[in-house]
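One structure is given below, encoded as C-alpha cells.
The values are calculated or read from the model by the stated rules, or taken from the named source; none is laboratory data. What you see is a predicted model, and the numbers here were worked out from it, not measured in a lab. Here the Cβ positions follow ideal geometry from the backbone for every residue, glycine too, while neighbour counts run over all protein chains shown.
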Amino acid sequence: MKQYSKRMVIVHWLTLALLIAAWFLGDSLAEATDNSKATLAGYIVHMLVGGAILLITMTRLVFRSKDGTPPAIGQSAVDKLESFMLCSLPIWVSKYYVLTQIKP
C-alpha cells in the first residue's frame, strides 16, 4: 500500500498544531477583549498564526500535486466530494475569518 510522503505527514500535523494554537489565541483574545485587556500584540500574533496556516495549506496543495495520494478506498462521487471538502476546509475557514474582520 502506498502511503503519504513524510513531508505531507509533517505538514498535516504542523497544520493541526497551528490550528490549535490559533484557536486558543483567539479564545484568550475574546476573553481579554471582554475585560478590556486585549493588546495589539495579541491580535498580531493571532493573525500571523492564521497567515501561517494559510501558507502551509497552500504548500500542502503543492506537495499533494507533486507527491500524489494513496488510492482512495472508494471511488464514488461522494468519496471524491468528501476529499475535496476536507482539503479545502482550511482555506474556507481562513476566508471566513478575513471577511469577518473587514469593517464596512
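Scanning segment 36-92 for residues that are assigned to a helix (DSSP H, G or I) and of a type in the set (S, T, N, Q), we see that the one that is farthest from the chain's Cα centre (by Cα) is SER65. Within segment 16-28, residues that are within 15 Å of SER94 (Cβ to Cβ) sit with their Cβ atoms under 6 Å from residues that are at pLDDT 90 or above and buried (at least 16 other Cβ atoms within 10 Å of the Cβ), at 6+ positions apart or across chains, in these pairs: LEU18/VAL49; LEU18/ILE53; ALA21/VAL49; ALA22/VAL49; ALA22/GLY50.
Applying a threshold of 8 Å to beta carbon distances and a minimum spacing of six or more residues, or different chains, the list of pairs starting in segment 75-104 at a residue that is aromatic (Phe, Trp, Tyr) and ending at one that is at pLDDT 80 or above reads TYR97/GLY50.
Taking segment 93-104 as the range and being assigned to a helix (DSSP H, G or I) and not small (Gly, Ala, Ser) as the test, the residues that pass are VAL93, LYS95, TYR96, TYR97, VAL98, LEU99, THR100, GLN101. If ARG60 meets every condition in (1) modelled with pLDDT of 90 or more; (2) over 19 Å from GLN3 (Cβ atoms) apart from one, which number is that one? Every listed condition holds for ARG60 apart from (2). Only residues that are more than 15 Å from LEU19 (Cα to Cα) and at pLDDT below 80 were counted in segment 83-104, giving 8.
Among the residues of segment 34-58, write down those that are under 29 Å from MET85 (Cα atoms) and surrounded by 15 or more Cβ atoms within 10 Å (Cβ to Cβ). Scanning segment 34-58 gives TYR43, VAL45, HIS46, MET47, VAL49, GLY50, ALA52, ILE53, LEU54, ILE56, THR57.
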